[in-house]
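The values are calculated or read from the model by the stated rules, or taken from the named source; none is laboratory data. Small disclaimer: the values here were computed from a predicted structure and weren't measured. Glycine gets a Cβ as well: all are built from the backbone with ideal geometry, and neighbour counts include every protein chain shown. Areas reflect the complete protein model, heavy atoms only, side chains present, ligands, DNA and RNA absent. Shrake-Rupley method; radii C 1.70, N 1.55, O 1.52, S 1.80 Å.
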Amino acid sequence: MPAVPTIFHLDMDAFFVSVEELFDPSLKGQAVVVGGKAHERGVVSAASYAARKFGVHSAMPLRTAYKLCPQAVFVEGHPDRYRDYSQRVRTILHNFTPLVEMASIDEAYLDMTGTERLLGPPLQSADALHQAIQKATALNCSIGIATSRLVAKVSSDQAKPNGILWIYPGMEARFLAPLPVRKIPGVGKVTEKNLHAIGICKVGDLAALEEAELGRRFGKWGLALAGKARGHDAGGWFDEAIGESADAKSISHEHTFSADTADLEVIESTLTRLSEMVARRLREQGVHVRTVQIKLRNRAFETITRARTLDRPTQLDIEISRTARELFRENWQAGTQVRLLGVQLSHFTREEGQLGLLDNAQDERWRQAMAAADHMRDRFGIDAIGLAGGMRGGFRERTHEAIIPGRPKPNNKK
C-alpha cells in the first residue's frame with residue numbers, strides 16, 4: 001500500500017520586511033513598506049503587518065500606499081540580501097529532504113513522505129524545521145502540512161504568522177469548504193467575480209457544483225477548479241512532482257522610468273543594464289538562453305513584446321544586450337516616449353552552441369571577463385562593474401525583481 005503523501009509548504013513571514021529589520025532593528029513594530037520611495041512610480045513589494053492594517057498590500061502603487069499610510073517608513077529594499085537569506089533557508093530545507101521546490105524567493109514545497117522514521121511524525125519534523133530556520137536566520141516562517149501542495153499552501157497561509165497547521169489526511173475538503181474561493185491558488189479577481197456571479201462564494205460551494213457545469217462555464221480551468229476545491233493538485237503550478245524540475249522557465253528584469261523618456265542613449269543604456277542583470281542570473285543557474293524578448297511600454301500605456309531566437313545559445317551579456325537593442329530599434333519610432341523597458345530570457349539549455357575556432361577563443365575571453373565581473377559584483381554589489389554601454393542606464397534593482405524565476409506566485413499574501 002503506497003504511503004500517504006506528506007507535503008510541507010514553508011512560507012517566510014513578511015520576508016523582505018523581516019530581513020530589513022535584521023539590519024535596522026528600529027523598523028520593528030513600525031509600518032514598513034518595501035519597494036521604493038513614496039513618490040516613485042513603482043509598486044509595493046512587501047508591507048509589514050502594521051502597514052497592512054491600513055490596507056497596504058503587495059503590488060499596490062507606492063503612491064497609493066503613501067495615501068493610505070503616510071506615516072509608514074518606505075524602504076527601497078536590498079535584493080542581494082533577500083537572495084542571500086533565501087539561499088540560507090534553501091540549504092536548511094535540503095537537510096530535511098532532497099525533494100525541495102522553491103516556488104519563489106520566500107516559499108517552498110517539501111515532499112516529506114517517508115521521513116517519519118528519521119525525523120518523526122509531521123508535526124514533530126515541522127517544529128524541528130521551524131526552529132532550524134529561526135536559529136540559522138533569526139527569521140520566522142509558517143508551515144502548512146497536507147497530502148497535497150494546494151492544501152499545504154492554503155494551510156500555511158492560515159497558520160500565519162509564525163505558526164504550523166496540519167490538515168489531517170481525509171480532512172482536506174472539510175478544511176477548504178468554509179474558506180473564500182479566492183483562497184484557492186490561481187483564483188484571481190476576475191475568476192472570483194465570475195464565480196460570485198453564479199452564487200459561488202465559498203470553496204464548499206465550488207466543490208458542490210458538478211464538474212460538467214464547471215467545465216461548461218470555464219473550460220479546462222473549470223475542471224481544474226473542481227479538483228482544487230476538493231484539495232487535489234489539479235493543473236497549473238502542480239503538474240510536476242516536487243523536485244522534478246527546479247529549472248526556471250524564464251528570467252526577466254524590468255525597469256519603469258521615473259519620467260518618460262525618448263532619449264535613445266538612456267534607453268539603450270537601460271536595455272544593456274537589464275541584459276547584464278538577466279545574464280548574471282543565467283550564469284548563476286549554469287544555463288544558456290535560446291530566446292531573448294523585450295517588453296516596451298510607451299507613454300500611452302501601450303505595451304508590445306518582441307522576441308528573437310538566437311543562432312546559438314549564449315549566456316554572455318554582450319550578445320543578449322546586442323539582441324535586445326536590435327529588437328528595440330526595430331520596434332520603436334523615434335521621439336516616442338518610453339515608460340517601461342524589460343528584458344526576458346526563455347528556452348534554456350545546458351549546452352553551448354557550436355563555435356568556430358576564432359569564435360571559441362573570443363567567447364572564452366568573454367566568459368573569463370564575465371566570471372571576474374560576477375566575482376566583483378558578489379563582493380562589492382551589483383553596480384561594481386558593468387558594460388560601458390550600460391553606464392547611463394544606472395538604476396537600482398527593484399525589490400520585486402528578486403523573485404526566483406519560474407512559476408508564478410498566486411495569491412501573494414505574506
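If only residues of the range 1-21 that are open to solvent by 60 Å² or more (accessible area, probe 1.4 Å) and among the aliphatic types (A, V, I, L, M) are counted, the one that is nearest to ALA47 (Cα to Cα) is VAL4. Any chance the range 151-163 includes a residue that's over 22 Å from the mean Cα position of the chain (by Cα) and under 30 Å from LYS28 (Cα atoms)? Yes; the residues of the range 151-163 include at least one that is over 22 Å from the mean Cα position of the chain (by Cα) and under 30 Å from LYS28 (Cα atoms).
The rows are residues; the columns are (1) among the hydrophobic types (A, V, I, L, M, F, W, C); (2) in contact (Cβ under 8 Å) with a residue 40 or more places away in the chain.
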| residue | (1), (2) |
| --- | --- |
| ALA262 | yes, yes |
| GLU265 | no, yes |
| ARG280 | no, yes |
| GLY286 | no, yes |
| LEU296 | yes, yes |
| ARG299 | no, yes |
| GLU302 | no, no |
| ASP311 | no, yes |
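Checking ALA152, ALA136, ALA159 one by one, the residue that is open to solvent by 40 Å² or more (accessible area, probe 1.4 Å) and either under 25 Å from VAL203 (Cα atoms) or of a type in the set (A, V, I, L, M) (or both) is ALA136 and no other. What about SER18, is it touching a residue at least 12 places away in the same chain (Cβ under 8 Å) and in a loop (DSSP other than H, G, I, E, B)? It is false that SER18 is touching a residue at least 12 places away in the same chain (Cβ under 8 Å) and in a loop (DSSP other than H, G, I, E, B).
Quick check, is THR113 hydroxyl-bearing (Ser, Thr, Tyr), exposed (fewer than 14 other Cβ atoms within 10 Å of the Cβ) and at pLDDT 90 or above? Taking the combined requirement at face value, the residue does not satisfy it.
Restricting attention to the range 219-264 and to residues that are of a type in the set (Phe, Trp, Tyr) and open to solvent by 50 Å² or more (accessible area, probe 1.4 Å), the residue that is modelled with the highest pLDDT turns out to be TRP221.
When the residues of the range 25-58 are filtered to those that are farther than 14 Å from CYS69 by Cα and of a type in the set (Lys, Arg), which remaining residue is least open to solvent (accessible area, probe 1.4 Å)? Here the residue is ARG41.
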